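*Asks:* Got a structure for you, questions after.
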Amino acid sequence: MTDKKPITKRFQTIALIGYFGLLILMPLWLFVLSPRENHSLGFIFTLYIAPLLLPLYGIIRDKPYTYAWANFVVIIYFMHGFTLLWISPDELLFVLLELVFASCMFIGCTYYARYRGQELGLKIRKLKDELAQEKASFENDKLD
């Protein structure tokens, strides 16, 4: 296994701070500090906590691919935070914490996946290379 460069470790740390910050903040905020009267506990869990549990296994196992797709999950928290920033100024502290943790997770996951993928030699082939290979394969089959 290859060692991680300092920049890779730094982005992983930022991603983990954001991820675990959200994982702790959301249940605390929505169940304990400012419970929602209009929503059931199951609804809140399904909408705000369960999505954070999806990448947990891959993050614990240090999978760069999981860090990459975890950004799709963090979009939920950006939308939630920016919406509440507009409609619920009385929860400003929690909203700002959510946005800070979501930003840390987004930035950390993005760059960690990129740098760790480069260290491991993982890369996505460019479409033009993929098409050229497919064309060459087709032409070779046609000649045979």
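*Asks:* What's the longest bit of the chain with no exposed trypsin sites (Lys or Arg not before Pro), using DSSP loop states and at most 10 other Cβ atoms within 10 Å as the test?
*Replies:* Details: sites that count: Arg61, Lys123, Arg125, Lys126.
Result, exposed sites excluded: 62-122.
*Asks:* Using the Cα gyration tensor of the range 81-142, with a ≥ b ≥ c the square roots of its eigenvalues, what is the shape: rounded (a/c below 1.5), prolate (a/b larger than b/c) or oblate (neither)?
*Replies:* Oblate, because a/c is 1.5 or more while a/b does not exceed b/c.
*Asks:* Go ahead and set up a Gaussian network model of the chain, Cα springs under 10 Å, then flag whichever of Phe45, Phe11, Phe101 fluctuates most.
*Replies:* Looking only at Phe45, Phe11, Phe101, the biggest GNM fluctuation is shown by Phe45.
*Asks:* Once you put a point 7 Å from the Cα of Thr83 and another 7 Å from the Cα of Phe45, both along the Cβ direction, what distance in nm separates them?
*Replies:* 2.1
*Asks:* Continuing with this model, one more query. Leaving out same-chain residues fewer than 8 places away, which aspartates and glutamates sit with a Cα under 18 Å from that of Lys4?
*Replies:* Once the sequence-local aspartates and glutamates are set aside, what remains near Lys4 is Asp62, Glu119.
*Asks:* Ok, one more. Select from Ala68, Leu53, Val100 the residue farthest towards the positive end of the dipole of the chain; place +1 on Cβ of Lys and Arg, -1 on Cβ of Asp and Glu, and compute about the Cα centre.
*Replies:* Ala68
*Asks:* Select from the range 37-144 those GluC sites (Glu not before Pro) which occupy a DSSP coil region and have at most 13 other Cβ atoms within 10 Å, ordered by residue number.
*Replies:* Filter output for the range 37-144: Glu37.
*Asks:* I need to check one value: relative contact order of the range 49-124, counting alpha carbon pairs closer than 8 Å and at least 6 residues apart, in percent.
*Replies:* Across the range 49-124, relative contact order equals 35 percent.
*Asks:* Relative to the longest principal axis of the chain, what angle (0 to 90°, nearest 10) does the C-alpha long axis of helix 127-143 take?
*Replies:* For 127-143 against the chain, the angle is about 40 degrees.
*Asks:* Can you give the alpha-carbon Rg of the range 16-72 over 2.2 N^0.38 Å, where N counts its residues?
*Replies:* 1.24
*Asks:* Gain in length, Phe138 to Trp69, computed as 0.36 nm per residue apart minus the alpha-carbon separation, to one decimal in nm?
*Replies:* Gain on extension, Phe138 to Trp69, equals 21.6 nm.
*Asks:* GNM on the chain, C-alpha springs below 10 Å: top fluctuator among Val100, Val74, Val32?
*Replies:* Of Val100, Val74, Val32, the Gaussian network model singles out Val32 as fluctuating most.
*Asks:* Of Asp90, Asp62, which has the most accessible area with a 1.4 Å probe, and how do the rest follow in descending order? Show your work: numbers first, answer last.
*Replies:* Numbers: Asp90 130, Asp62 30 Å².
Ranking Asp90, Asp62 by accessible area, largest first, yields Asp90, Asp62.
The values are calculated or read from the model by the stated rules, or taken from the named source; none is laboratory data. Keep in mind that this is a model prediction, so the values were computed, not measured. Neighbour counts run over all protein chains shown; Cβ positions are idealised from the backbone, glycine included. In case anyone asks, the SASA skips ligands and DNA or RNA and just uses the protein heavy atoms, side chains included. Shrake-Rupley method; radii C 1.70, N 1.55, O 1.52, S 1.80 Å.
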